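Structure record follows, encoded as structure tokens.
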Amino acid sequence: MVDGLRAHPWFAGPDDDRPSPKIGNVLVGAAVPILSLAASLARDAPTERIVLTVAIALVVGIALCWLGRWPVQVLGITLAATVVGLVVDQVHPVLVAASEVAVFAVASMRPRRVALVSTAVSSVVLFGVARAGVAGPVTEPRALIVVVWTVLAFAMGDAVRTQRAYMAALAERARRADETKEQEARARVAEERVRIARELHDVVAHHIAVINVHAGLARRALGRDAATVDGSLAHVQGAAQSVLEELGTVLRVLRAGEAEGAGTEPAPGLARVPELLASLASTGFVVRTSTSGRPREMDQTCDLAAFRIVQESLTNASKHGSGGQADLSLAYADDALTIDVRNLVRFDPTGARAAVAPSSGQGLIGMRERAGACGGSLRVHPDDDGTFRVTAVIPYRPTTPPEAAAVGADGPGRPARDPS
């Protein structure tokens, strides 16, 4: 029940959890009985009246010590004490001033609706007390001065509350801005990590596959066919050199902005497809190509995405496919390029699909990300005729990525399995 009352706007406020009175409230509370005693002594009041005055003022002073925690209750006590003093003919301006202080506290610490009601009640009570007076009734204009002071106390308290709320809003806005900046920074770091991982995978994977094939050929021909060994090692050396060169290019691009003139080399694009096909042909892997439509000039980002998708698809086909061959089709339409790569699926002697070579699946994920970054799409799926197919649609210029993500054979949101 107590917690419920504290949650109510009449009883709860910004300082409700303060465990003890503040020094300022204690000083104000101590001043009330002291000033009341001084006023009574100054007018040479009877001893019994002085005692009664100090007693009433002491109650008000103790209440004011808790003004910062329960301002509405303290206001009620001060008003009640002022009325009691009037009944016993012991009203002092000090008690009226204490009520005005309580009105200010309510207006500065409680919602405006609560403060308005409290101010209205205080105005009525204090106007009646002032109109009755100590030495007989006074004129209404003089009594209205108390109402003016009450309204002024409310206005000052409301201004303090508004300023406090404004400063709190500024602090909250600054805190949220800092959080947003931190989140954006973390997102940028995560995006950069993904971009670096994707770029390094695309640069290294193809050449490592070529090195792996030629190293195997050299090992099998070692001591039997020197020409084959020499040719395979030459291809290994060339592929390794290509890896080093492309890694250097990638690192220079990633460090662009750190040094003047960094990252000026053009990124690879579809113009390097013949070089890619020649590299695969050196391993004995044959790619049959077909082109339809008129080749268009592509944005550098889309051109890079198209090349990397072709490169990754053919590399996967050479690693996991069957028959040592694949089909590559490039179809240029009015607004987009359609890339289609097909290869035979590998089967074991029992007719079941052969075991898949170890793969992290990052290549397929990277292809989807590249296609999506350009506003294109990617579909990876097996056909009924026993072939594995990769189909990508890449616009010539980047567009807003479609809401529907590319869907692979394993369903939405999952990377499709590598062909086997």
At 0.36 nm per residue, minus the direct Cα-Cα distance, what do Val204 and Arg112 gain on full extension? Give it in nm, one decimal, please.
26.4 nm
Phi to ³J(HN,Hα) by Karplus 6.51 cos²θ - 1.76 cosθ + 1.60 over region 326-342, Hz, x for Gly, Pro:
8, 10, 10, 10, 10, 10, 8, 9, 5, 10, 7, 9, 9, 9, 10, 10, 10
For Val160 and Val124, extending 7 Å from Cα along the Cα-Cβ vector and measuring point to point gives, in nm, a value of 2.6
Counting other beta carbons within 10 Å of each Cβ, put His381, His92 in order, fewest first.
His381, His92
Whole-Hz couplings from phi, Karplus 6.51/-1.76/1.60, listed for region 306-321; x for Gly and Pro
4, 5, 5, 5, 4, 4, 5, 5, 5, 5, 4, 5, 5, 7, 10, x
Segment His381-Glu184, length gained on full extension (0.36 nm per residue, minus Cα span)
67.4 nm
Quick one: Karplus J couplings for region 147-157, per residue in order, coefficients 6.51, -1.76, 1.60, θ = phi - 60°, nearest Hz, x for Gly and Pro?
5, 4, 5, 5, 5, 5, 4, 4, 4, 5, x
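Bear in mind these aren't lab numbers, they're just calculated from the coordinates by the rules spelled out. Treat the numbers as computed from the prediction; the structure is a model and nothing was measured. Here the Cβ is made from the backbone with ideal geometry for all residues, glycine too, and neighbour counts use every protein chain on show.
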